[in-house]
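Handing you a structure now.
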Amino acid sequence: MTNKKDNIVSSSSDPVDSPPPYTPLPSQSRGAVPNETTRLYPDVPKNSYSATPPPTYNPPQQSSSVTAHYQPDTVVLSPAVSIYDLRSHPAVTCYPHCNQIVLTKTNFKIGTANLLSSLGLFIIGVTMWGCCLIPLCITDLKDCIHSCPHCDRIMARYSRFDGRVFKIGE
Ligand SMILES: [Zn+2]
């Protein structure tokens with residue numbers, strides 16, 4: 001029995017000696033595998049990331065270039081109209097006196113629409129606190145006076161009462 005135990009001990013002692021050589025082998029293999037994996041992972045993501053971004057970045061650049069094209073289009077929109085087509089806003093028209101295409105300057109003056117509105121309120125009895133004079137201050141009822149920005153001559157008067165344009169000067 002003791003022999004067997006000794007044998008066992010001796011046999012066990014042999015494996016004890018053997019582990020030291022085993023440990024360096026796994027450590028080398030373990031050390032080599034992580035290095036390969038770490039080399040493989042960073043290489044693959046870099047290639048994948050560098051490949052995908054360019055197609056995603058290109059569309060935004062095209063969209064920004066498209067938005068840049070809209071600005072000159074808006075600037076180009078300025079059709080010249082006849083003096084008799086002037087309304088209550090500044091417009092581009094040809095002024096024969098200066099023989100130039102100009103953007104008219106607009107001023108608003110009390111016209112027939114203001115006077116008739118105030119007269120109507122006065123007739124129906126809206127006179128308290130001077131309420132019948134309120135229409136004289138309403139810009140939407142005033143006539144629009146178009147003048148030349150170069151010589152300040154009055155070009156035309158747009159009447160709100162009947163919507164007609166009265167050519168002035170020349
Ligand atoms: Zn002028």
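Suppose we keep only residues that are closer than 17 Å to VAL165 by Cα and aliphatic (A, V, I, L, M) within the stretch 102-129. Which one would you say is nearest to the ligand (Cβ to nearest atom)?
Filtering first and then ranking leaves LEU103.
Any residue in the stretch 93-120 that is part of a loop (DSSP other than H, G, I, E, B) sitting within a Cβ distance under 7 Å of a residue that is surrounded by fewer than 13 Cβ atoms within 10 Å (Cβ to Cβ)? List the pairs, counting only those 6 or more apart or interchain.
Filtered contacts from the stretch 93-120: PRO96/GLU170; HIS97/GLU170; CYS98/HIS150.
Moving on to the next point. Which condition from (1) loosely packed, with under 11 Cβ neighbours inside 10 Å; (2) within 16 Å of the ligand (Cβ to nearest atom); (3) at pLDDT below 90 is the one that ASN99 breaks?
Status for ASN99: all satisfied but (3).
Identify all residues within the stretch 136-170 that are out of contact with any Leu (no Cβ under 6 Å at 6 or more places or on another chain) and assigned to a strand (DSSP E or B); write none if there are none.
Within the stretch 136-170, ASP143, CYS144, ILE145, SER147, ILE154, MET155, ARG157, PHE166, LYS167 meet the criteria.
May I pose another question? Take the stretch 130-170 and flag every residue that is hydroxyl-bearing (Ser, Thr, Tyr) and either at pLDDT below 95 or more than 16 Å from the ligand (Cβ to nearest atom) (or both).
THR139, TYR158, SER159
Which number in (1) modelled with pLDDT of 95 or more; (2) more than 16 Å from the ligand (Cβ to nearest atom); (3) surrounded by fewer than 14 Cβ atoms within 10 Å (Cβ to Cβ) marks the one condition that SER63 misses?
With respect to (1) modelled with pLDDT of 95 or more; (2) more than 16 Å from the ligand (Cβ to nearest atom); (3) surrounded by fewer than 14 Cβ atoms within 10 Å (Cβ to Cβ), SER63 is out only on (1).
If you check ASP143, ASP152, which single one turns out to be surrounded by 16 or more Cβ atoms within 10 Å (Cβ to Cβ) and without any contact (Cβ under 8 Å) to a residue 60 or more places away in the chain?
From the options ASP143, ASP152, the qualifying one is ASP143.
The values are calculated or read from the model by the stated rules, or taken from the named source; none is laboratory data. Since the structure is predicted, the reported quantities are computational estimates derived from the model, not experimental observations. Positions of Cβ are backbone-derived with ideal geometry, glycine not excepted, and every protein chain shown enters the neighbour counts.
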